[in-house]
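Okay, so here's the structure we're looking at.
Only the coordinates and a few stated rules stand behind these numbers; no lab work does. This one's a predicted model, so the numbers in the text were calculated from it and none came from an experiment. All Cβ positions, even for glycine, are placed from backbone atoms using ideal geometry, and neighbour counts span all protein chains on display.
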Amino acid sequence: MSETQAKRLGLSRKQMAWRAAQDLQDGAVVNLGIGMPELVASYVPDGRELLYHSENGLLGFGPPPPAGQEDPELINAGKKPVTLLPGASFFHHADSFAMIRGGHIDVCILGAMQVAANGDIANWSTGAADAVPAVGGAMDLVAGARAIWVLSEHTTRDGAPKLVEQCSYPLTGQGVVRRIYSNLGLIEVSETGFRLLEIAPGISVEELRALTGAPLEVPDSLPQIDAPEL
């Protein structure tokens, strides 16, 4: 199965973000990485209050505003417009990183270029000579947040696995990733490597293993991700 077919049969980006949001605990302080992880802010489960944190000094933001109602001074770290929830607060950039480095972020959801079977993550550079370094706050986040989750397509645009035995790109952090929410399934990083927890509709275990660059443990009872149409 090609990577294009995998995307068609798997979850959409919105469904991936929805699935990650379901595992966030009530009252959690959550940092969302730039790109696809930003979508998670739009899917707060009913009955839960989540405090979304942004490196540029914002706590308690909500989903993007309706078109035409954006405030250019109300943005997240990715320069995307956001809304404010009751009780939201602003603070200095240095205080924002003090929150990160002080261990006050419960969960950080990041994108990734590669995730290794031992939990290593590479998400800032391919190592190419002409690449522009853009570490941002990722290295602080993977060191300071209590839990690191990855929200990413399962493969690259060329169909190469992003889940690998060992990262070949420069590392952002070592042994920090706990969970991976991809378009093909929900995978945890255990002491023995990748373990499949849930699989996307229309994907077989054999197809998923073929698109994973490391051994994948599969339990006898494997639930399917029941995501709504988004």
Excluding near-sequence neighbours (fewer than 8 apart on one chain), the range 3-217 holds lysine pairs with C-alpha atoms under 23 Å apart numbering 4
Helix-only mean residue ellipticity at 222 nm, the chain, DSSP H runs n ≥ 4 weighted -39,500 (n - 2.57), per residue, nearest 500. What is it? -4500 deg cm²/dmol
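Let me have the relative contact order for the chain, percent, based on Cα pairs under 8 Å that are six or more residues apart.
Details: 502 pairs, mean separation 47.0, N = 230.
Computed over the chain, the figure is 20 percent.
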GNM top mover of D220, D95, D158 - the chain, alpha-carbon springs below 10 Å: D220
Could you tell me how many degrees, from 0 to 90 and to the nearest 10, lie between the Cα long axis of helix 13-22 and the main elongation axis, the longest principal axis, of the Cα atoms of the chain? 70 degrees
Within a Gaussian network of the chain (alpha carbon springs, distance under 10 Å), most fluctuating of A112, A98, A138: A98
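Which is the longest stretch in the chain that no exposed loop site breaks, taking sites as GluC sites (Glu not before Pro) with a DSSP loop state and at most 11 other Cβ atoms within 10 Å? Display every interim value, and only then the final one.
On the way: sites that count: E73, E191, E229.
Here the longest run is 74-190.
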Rounded to one decimal in nm, the spacing of the 7 Å Cα→Cβ label points at N56 and S125 is 2.4 nm
Karplus-derived HN-Hα couplings along the range 203-218 (A = 6.51, B = -1.76, C = 1.60, θ = phi - 60°), whole Hz, x at Gly and Pro: 10, 8, 4, 4, 5, 5, 5, 5, 9, 10, x, 7, x, 10, 6, 10
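So if I place +1 on the C-beta of Lys and Arg and -1 on the C-beta of Asp and Glu, and nothing else carries charge, what would the dipole magnitude of the range 3-217 be about its Cα centre? I want it in debye, nearest 20. Working shown, then result.
Values: 16 positive and 24 negative charges, 46 e Å.
The calculation lands at about 220 debye.
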Connecting every pair of Cα atoms under 10 Å apart in the chain and solving the GNM, the largest mean-square fluctuation among P63, P37, P219 falls on P219
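Sequence gap at least 6, Cα distance under 8 Å: using those rules, report the relative contact order of the range 1-112 to the nearest whole percent.
Details: 162 pairs, mean separation 32.1, N = 112.
Computed value for the range 1-112: 29 percent relative contact order.
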